[in-house]
């Protein structure tokens, strides 16, 4: 076996390993799997998140069936902005149940300032008024 064929084989192996590494980073990295998982959850309608706003330790506003909270980015400068936003049903009477009149209003857009006191959690099931 000549030195030239060994170097060609070694170069071929390096190219294959580099290609596998790039494929791993593109498709199987934890960040990518997280993004894929969130996309599937949003697409399939797993939207049982709840956002609660507090002021002086007291619950003042609640949003039900929130799909996800998104960190805002500038359109042109592509910088992270100091707030998050989402869509959800406003729980007018703060009882944790999605009532008919609340559902009739539809999902509303809301923003959360970075310094706001809020809690986001997955409720698994949000009771609805029949």
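Here are a few things to note about the model shown:
- Relative contact order of region 47-122, pairs being alpha-carbon contacts under 8 Å that are 6 or more residues apart, as %: 34 percent
- Within region 13-37, backbone nitrogen closer than 18 Å to the virtual label 7 Å beyond the Cα of residue 68 toward Cβ: 26-37
- In degrees, nearest ten, helix 30-44 long axis to first principal axis of the chain (Cα): 40 degrees
- Within a Gaussian network of the chain (alpha carbon springs, distance under 10 Å), most fluctuating of 65, 107, 79: 79
- Of the Cα atoms belonging to region 47-122, the radius of gyration and Dmax stand at 13.2, 41 Å.
- Which label in (i) 14, 40, 27, 14, 5, 1; (ii) 11, 28, 25, 14, 9, 7, 5, 2, 0; (iii) 13, 38, 35, 13, 1, 0 gives the computed P(r) over Cα pairs in 10 Å bins from 0, in percent: (ii)
- Residue among 24, 76, 120 with the largest mean-square fluctuation in a Gaussian network model of the chain, springs linking Cα atoms under 10 Å: 76
- Extended-chain gain in nm, criterion 0.36 nm per residue less alpha-carbon gap, residue 27 and residue 130: 32.8 nm
- Two-site FRET efficiency, residue 58 against residue 34, from Cβ-Cβ distance with R₀ of 30 Å, rounded to 0.05: 0.35
- Computed from Cα positions, the angle between helix 3-27 and the longest principal axis of the chain comes to roughly 0 degrees.
- Projected label points at residue 103 and residue 117, each 7 Å from Cα along the beta carbon direction, are separated by 3.3 nanometres.
Any read-out appearing in this document is the output of simple, stated calculations on the displayed coordinates, not a laboratory observation. In this text, all values refer to a predicted model and were calculated from it rather than measured experimentally. Don't worry about glycine lacking a Cβ; one is built from the backbone with ideal geometry, like all the others, and counts go over all protein chains shown.
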